[in-house]
1. When you look at Arg87, is it open to solvent by 40 Å² or more (accessible area, probe 1.4 Å), under 17 Å from Arg432 (Cα atoms) and either within 16 Å of the ligand (Cβ to nearest atom) or hydrophobic (A, V, I, L, M, F, W, C) (or both), yes or no?
2. In the stretch 49-61, which residue that is surrounded by 18 or more Cβ atoms within 10 Å (Cβ to Cβ) and closer than 21 Å to Arg208 by Cβ is nearest to the chain's Cα centre (by Cα)?
3. List pairs: first residue in the stretch 337-356 and touching a residue at least 24 places away in the same chain (Cβ under 8 Å), second residue among the polar types (S, T, N, Q) anywhere in the structure, Cβ distance under 7 angstrom, at least six positions apart or on different chains.
4. Being part of a helix (DSSP H, G or I), surrounded by fewer than 19 Cβ atoms within 10 Å (Cβ to Cβ) and within 8 Å of the ligand (Cβ to nearest atom) is the filter here, so list the residues in the stretch 424-446 that pass it.
5. Kindly list, by first and then second residue, each pair from a residue in the stretch 443-458 that is among the polar types (S, T, N, Q) and modelled with pLDDT of 95 or more to a residue that is more than 16 Å from the ligand (Cβ to nearest atom) and assigned to a helix (DSSP H, G or I), limited to pairs with Cβ atoms under 6 Å and residues at least 6 apart or on different chains.
6. Cβ contacts < 7 Å: first residue within 14 Å of Val451 (Cα to Cα) and of a type in the set (A, V, I, L, M), restricted to the stretch 158-172; second residue assigned to a loop (DSSP other than H, G, I, E, B) and open to solvent by less than 40 Å² (accessible area, probe 1.4 Å), any location; separation 6+ or different chain. Result?
7. Counting just the residues of the stretch 218-244 that are among the aromatic types (Phe, Trp, Tyr) and touching a residue at least 12 places away in the same chain (Cβ under 8 Å), which one comes out nearest to Val101 (Cα to Cα)?
Amino acid sequence: MKPTCPAPDETTRRSAGAARPRRTLADLPGPRGLPVIGNLHELHADRWHLEFERWWRAFGDVFVVRMGRQPILVVAEGELVRDVLQRRPAVFRRTRAIEDVSREADMVGLFSADGEAWRKQRQLINPTLHARNVEGFFPSICEITGRLRELWSRAADERAARDVLGDLMRYSVDVTSTIAFGRDLNTLGGGPDALQEHLQRVFLGLNRRILAPLPYWRYLGLPADRAYDRALLAVKRLIFELVAAARRELEGGADRPARPRTLLELMIVARDGEDPRAHLSDAEVYANVLTMLLAGEDTTANTLAWILYYLASRPDVQARAREEADRVLGGGLIPTLEQSKRLEYTGAVTQETLRLRSAAPLLYLEANHDTVVGDVAVPAGAGVVVLTRATGRKPEYFGDPESFRPERWLGGASPMLPHEPRMALAFGSGPRVCPGRSMALLECAVTVGMVLRSFTVQLADHTAPVRERMAFAMQPEGLRVRFTKRACA
Ligand code: HEM
């Protein structure tokens, strides 16, 4: 499906249904802040999403915070958040720092591109992640899920509690690298992999630079930045070699594969209609292979870790999900593709986890033009933060919003409780909604199905707090899980 990208005319510049603006950013409530730095000192490196949500509870659905002297509009009202996300790329864009830092790394892919460059990439790349293609990757997902099962079986034998987030990070690295460019890094299976270490350095460096208040690396050569440059060069060389090899193979004669086997190959053959110019260059394929690794790994691993957290801390939920897995899988230990689609309650557990523990609880945007959000005038260039998790925690959209109730997704909650699935925005919304959703949900179904059939899970220590930590994505800090083998495993 092609994204709809309205032109930047007067209609798109205003919020849907908005009349004339009645307020400016200066009229809005918000935390007081200090001279010069504004509220910057209150945003702690790994918990700033919680600070934004604390301000939301104090100041309401539309308020302003100050990053230095710059006022930033913060929006948590569901219709307004959806409206802002919908008016992309014409009126709003992702914050410019993402594109600038990615451009320096020659990595302007689907996540960081904007305007026309984004539109072209989206049209060509979106279809590569359609369910049909994702299902073609199913055997790889199952094989690597089997490896995770072996690791946790050994932990069960040794009665050792596991840092499941670390395991799931390695799991999603292996799955994503196999799917993205056909190289199984097998980080679950053992020692450090040089490529994985380079990738990790690149991703941490990108994150550090995007969040830095000033582009210090253009003037200072800190050791961490030199290491980032070296890692980036190594990754770039390898992926360009893989692109060249895949092109040779795909264009080759009789030995050519019957169909593309990886995302990289799908991107190389992607075409938009008959237009010979509508294809991706080697540089765009490179940028997007890295983008898939970056966008797909931590998000999926953190979501799976939070699902295990809920299963381990809610025996009633675990028992119901296990009963479903036993019924649907029969004697099997890892779901087949068809079985993974029938794990409805497990799917509801995943939806409920995403609602309460979204890996991306907020998104940073910028206004391309003078515009209006609700009744607020927003000048061109102003930052806009949308609190996508907050919309899923509003009682008018989800009754009893702080409770973990998977059954609300199955129509089984009290009919008196509001339930507005379109306000659950863990994958974003509008033309830039996450294109990896099907892949992420399939990975979740297979992994959780495997866990339920093979083990019972418990928190290693019920008294130890599990806290939210914002790294590349929002993760559970301090989560340790104990696995016990089931008789059937
Ligand atoms: C549970 C796992 C995941 C979550 C919670 C998640 C969440 C998100 C969110 C919130 C966005 C921004 C959407 C917006 O701006 O409206 C996004 C964008 C994106 N995601 Fe995901 N994601 C997940 C998994 C994946 C996977 C597995 C892939 C690919 C293999 C992927 C690829 C992307 C890409 C390429 C974009 C940029 C799309 C664009 O700007 O047009 N994501 N994701």
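The values are calculated or read from the model by the stated rules, or taken from the named source; none is laboratory data. The shown structure was predicted, so the numbers you read here are calculated from the model rather than taken from an experiment. Note: ideal-geometry Cβ built from the backbone for every residue, glycine included; neighbour counts use all protein chains shown. In case anyone asks, the SASA skips ligands and DNA or RNA and just uses the protein heavy atoms, side chains included. Shrake-Rupley method; radii C 1.70, N 1.55, O 1.52, S 1.80 Å.
1. Criteria not met by Arg87.
2. The selected residue is His49.
3. Thr353/Thr303; Leu354/Thr303
4. Arg437
5. Final answer for the pair search is Ser454/Arg149; Gln458/Ala312.
6. Matching pairs, first to second residue: Val164/Leu479.
7. Tyr228
For every residue, the table says whether it meets (1) within 15 Å of the ligand (Cβ to nearest atom); (2) open to solvent by less than 50 Å² (accessible area, probe 1.4 Å); (3) assigned to a loop (DSSP other than H, G, I, E, B).
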position	(1), (2), (3)
Gln339	no, yes, no
Thr346	yes, yes, no
Val349	yes, yes, no
Tyr364	yes, no, no
Gly381	no, yes, yes
Ala390	yes, yes, no
Glu396	no, no, yes
Pro401	no, yes, yes
Arg408	no, yes, no
